[in-house]
Amino acid sequence: MIKVKVCSHCKTQACDLGKGVDIFEEFKQYEDLLSEKEIELDIKECVCLGHCKGPVVRVNGEIYIEVDSDKVEAILNQMIK
């Protein structure tokens, strides 16, 4: 299982960067693909993660900052290897 927590303030780039990417939805796009590999994706919003260099997410306990579409893909690729 891959557990993802997306800072609610960063969910739609409210806190920084303005790249126009909804990070929550970006992770959700991979649900079906991961499901095919029998990997469950548990994605939730959470309160501020305190690393305000957003968007900020926590994946399986590790914090990632300045997350964009490319970084979402890289994070998930790293998790399934």
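The values are calculated or read from the model by the stated rules, or taken from the named source; none is laboratory data. None of these values were measured; they are calculated from a predicted model. Note that each Cβ is placed from the backbone with ideal geometry, even for glycine, and that neighbours are counted across all protein chains shown. Ligands, DNA and RNA are stripped out before the accessible areas are found, and what is left, the full protein with its side chains, is counted by its heavy atoms. Shrake-Rupley method; radii C 1.70, N 1.55, O 1.52, S 1.80 Å.
Scanning the range 42-63 for residues that are closer than 16 Å to ASP22 by Cβ and surrounded by 14 or more Cβ atoms within 10 Å (Cβ to Cβ) yields a total of 6. If a residue has to be closer than 14 Å to LEU41 by Cα and among the acidic types (Asp, Glu) to count, how many in the range 67-81 make the cut? Selection size over the range 67-81: 1.
In the range 66-78, which residue that is open to solvent by 20 Å² or more (accessible area, probe 1.4 Å) and at pLDDT 90 or above is nearest to LYS28 (Cα to Cα)? By that ranking, first place goes to GLU73.
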